[in-house]
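The values are calculated or read from the model by the stated rules, or taken from the named source; none is laboratory data. Remember, predicted model here, so these are calculated numbers, not experimental data. So basically every Cβ, Gly included, is an ideal-geometry build from the backbone, and we count neighbours across all protein chains shown. Calculation scope for accessible area: heavy atoms of the full protein, side chains included, ligands and nucleic acids excluded. Shrake-Rupley method; radii C 1.70, N 1.55, O 1.52, S 1.80 Å.
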Amino acid sequence: METLTHDEMPNIVRLELTNTCNLQCPHCRHHSEEKRLPENYAEYYKTPVSMTEAQVAAIIDEIAPFKPSVTLNVANEPMIAPAFRYALRKIKEAGLSGTFNTNGLGLSEAIANLLVEIQYDSVTISVDAATSETLKLARGITNLDHLVKGVETLLRVRGDRPFPRVGTTFVITDYNYKELPAFLEFWKTRADFVRVTGYIKDGRPDVSYIPGWSREQLPERVPCKQIFRDIVIRANGDVTPCVITSENPDENTLGNIFRDGGVRGVWNGAAMQRLRDLHNGGKWDEIPFCGPCDYWVETFNMKEEVKDGFLVRTPSPYTTFYNVVERLGSWDKNRVHDRQGAANVREWEGSVGVVTAGEIDPAGDEVEIDS
């Protein structure tokens, strides 16, 4: 079995500027209406917490010499954080590449001007629907035109300049999967890329929840790259093992960067190293949150093909990037670390399904999958 190594500092820093969100998306594992019930909501979320500008500065100053990419998301809407604009500028002043994902509600002309002025690298807007009716199911709102207008505002302000790259996302569920072909066609003429992701079940990723997939189709397991490459920093400084375990912030904490020696101290600490050693020894089942998790399949390298005007890149059933071929001029895969598919391991032997057009049965009986 191949083993993974980690660098002195993380390659990707996932920074949660605030622990709150201004939506209650029904499929959200953190802030849905059901999750917000007192008996379900994690204690961590019950009291709003936001990083200060001084805390953001300390983190960026520490990591800057190592040139990681920074993404301003864990389980939050970054644009509502008090330090959001400061963080954008600080990341670019430090010469780092930056990304963030947003629900798009606050994507104003002023924000667009700032993003273009500082040449922020990449912005992705969560949409998940091609109709207002499905948007209501996915995100609890109906004004699809508002989201489209926000994206178009950012693209208009950017004009012919290369940055930021602008994309939209589509999380496949049993109520929206038939809209994926229309979604791709609509955004191909507007955005630079579309990211399609599989729905992650509460508690653990289960590949069988992705239309057309079952756990029997998975390859031989390998160590999960997230604990060797990414650090996930919550708004209070706590570090959780990965983006999946961020669902349980009260239980899964490896240290706190404000108390335990900064980013370097936690990244190279005993708690994080124990997880890496168990994975490299094939003992992931000894970790309660890793054993039943299928997200390790994201560790495989990207497969690529050009199809229907897209450069399609995918490491696993969970993630597919559709990069519009006509807008690849500003794309540099070495500038922004791939959030998926960059670990130094072999490719998945066999086909990797790319869910595109076609009739997809969520029960998995009649499925057309492109590969």
Considering only 228, 84, 258, give the residue with the highest GNM mean-square fluctuation for the chain, with springs between Cα atoms whenever their separation is below 10 Å.
-> 258
Dipole check, segment 1-60, charges on Cβ (K,R +1; D,E -1), about Cα centroid: among 26, 45, 9 the Cα furthest to the positive pole belongs to 26
So how much accessible area does residue 208 have, in Å² to the nearest 10, using a 1.4 Å probe?
-> 50
The pairs in 90/149; 92/283; 283/303; 136/303 lying past 31 Å Cα-Cα in this model are 92/283; 136/303
What are the radius of gyration and Dmax of segment 128-281, computed over its Cα atoms and given in Å?
-> 19.5, 51
Orphan Cys of the chain, criterion: no other Cys C-beta under 4.7 Å | 21, 224, 242, 290, 293
Rounded to the nearest 20 Debye, what is the dipole magnitude of segment 178-336 about its Cα centre when Lys and Arg each give +1 and Asp and Glu each give -1 at the C-beta?
-> 420
Once the mean 1/r over all distinct Cα pairs of segment 113-180 is inverted, what Kirkwood radius in angstroms do you read off?
-> 12.9
Sorting 213, 331 by accessible area (1.4 Å probe), largest first, what list results?
-> 331, 213
Sorted from largest down, give the three principal axis spans of the alpha carbons of the chain, whole angstrom values.
-> 49, 49, 44
Rg/Rg_ref, segment 38-120, where Rg_ref = 2.2 N^0.38 Å and atoms are Cα = 1.19
Sort out for me the Cα centre separation of segment 221-277 from segment 76-140, rounded to whole Å.
-> 24
Would you check the accessible area of residue 305, probe 1.4 Å, heavy atoms only, in square angstrom rounded to 10?
-> 60
To the nearest 10 Å², what's residue 306's accessible area with a 1.4 Å probe?
-> 110
Just need log10 I(q)/I(0) for segment 154-201 at q = 0.18 Å⁻¹, Debye formula, equal scatterers on the alpha-carbon atoms, no solvent, rounded to two decimals.
-> -0.61
Candidates 230, 61, 238, ranked by Gaussian network fluctuation over the chain, Cα under 10 Å, top entry | 61
Which percent of Cα pairs goes in each bin when the distances of segment 181-256 are cut into 10 angstrom slices starting at zero?
-> 15, 30, 32, 20, 2
State the percentage of accessible surface on the chain attributable to carbon and sulfur atoms; use a 1.4 Å probe and exclude ligands, DNA and RNA.
-> 47
Between segment 142-156 and segment 10-75, the alpha-carbon center distance in angstrom | 24
The correct ranking of 149, 136, 307 by accessible area at 1.4 Å, largest first, is 149, 136, 307
Over the chain, give the accessible area per residue in Å² for a 1.4 Å probe, as an integer.
-> 41
